[in-house]
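Below: the structure, in structure tokens.
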Amino acid sequence: MLDIVDCCSMLWRLEMEGINIGDRWNDIYEVCRPHIDDHILAFNDIHVLMSCLGAKKTDTVAKMMASIKDFIENCKGINQDITRDVGATICEAFAAYSDGEFAKAVDLLKPVRYKVLRIGGSNAQRDLFNLFLINAALKSPLTKHHRLARALLVERKALKEDAPMTDRMMARAMALHVD
């Protein structure tokens, strides 16, 4: 699963950077499809869902979201708790973003932003969710989200002084939203 989640994360990061990745989502989707009902780790579920969203498999997205809901309602254990408290919300945020509902994605992810640690993965792997929140905020039509994006970028710059991606995002934020 490590290679699968890394691949999904890489493709999502590239798309957030505006890079055309062609039909690569279809390839990773075929690898992920057998795992939509696994629910071993919320971290994995989120990445499997990303492959469904990237490949534009709306039927599979709906099936996976229903499976996650069923898992939350009918199972017990640590991953069920994490999925209920954090993972399902992150999945909903990614689905909203994929549907072009950027404000909704921000409003879903922002309250659980400091709980993302619970889903597992390394700091570098979880950084995708910080980038995702910033990108969603930049794309949101709401001024308060633009301000959030700028604040998150200033925070990111303080932590990662020499990160070219942060510099590119800061330039985008300043060019897109002047108020």
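Points to keep in mind about this one:
- Some residue of segment 13-25 being of a type in the set (S, T, N, Q) and touching a residue at least 24 places away in the same chain (Cβ under 8 Å): no
- Pairing residues of segment 125-147 that are surrounded by 15 or more Cβ atoms within 10 Å (Cβ to Cβ) with residues that are outside any helix (DSSP H, G or I) and among the charged types (D, E, K, R), at Cβ distances under 8 Å and at least 6 apart in sequence or on separate chains, gives His146/Asp179.
- Of His39, His47, all but one fail to be at positive phi, free of Cβ contacts under 8 Å to residues at least 60 places away in the same chain and not aliphatic (A, V, I, L, M); the exception is His39.
- Condition met for Val48 (assigned to a helix (DSSP H, G or I) and farther than 19 Å from Met10 by Cβ): no
- Odd one out for Ser98, checked against (1) within 23 Å of Ile40 (Cα to Cα); (2) at pLDDT 95 or above; (3) among the polar types (S, T, N, Q); (4) surrounded by fewer than 20 Cβ atoms within 10 Å (Cβ to Cβ): (1)
- Answer residue from segment 38-62, given it is surrounded by fewer than 14 Cβ atoms within 10 Å (Cβ to Cβ) and of a type outside the set (A, V, I, L, M, F, W, C) and is nearest to Ala124 (Cα to Cα) among those: Lys56
- Count of segment 132-154 residues, restricted to those that are out of contact with any helix residue (DSSP H, G or I) (no Cβ under 6 Å at 6 or more places or on another chain) and closer than 30 Å to Met1 by Cβ, is 1.
- Qualifying residue in segment 17-39 (condition: closer than 17 Å to Phe132 by Cβ, out of contact with any helix residue (DSSP H, G or I) (no Cβ under 7 Å at 6 or more places or on another chain) and in a helix (DSSP H, G or I)): no
- Of the residues making up segment 65-79, those that are part of a helix (DSSP H, G or I) and either among the basic types (Lys, Arg) or under 20 Å from Phe129 (Cα atoms) (or both) are Met65, Ile68, Lys69, Asn79.
The values are calculated or read from the model by the stated rules, or taken from the named source; none is laboratory data. The structure presented is a predicted model; accordingly, all values stated were derived computationally and were not measured. A quick note on method: Cβ atoms are made from the backbone with ideal geometry, for glycine too, and the neighbour counts reach across all protein chains shown.
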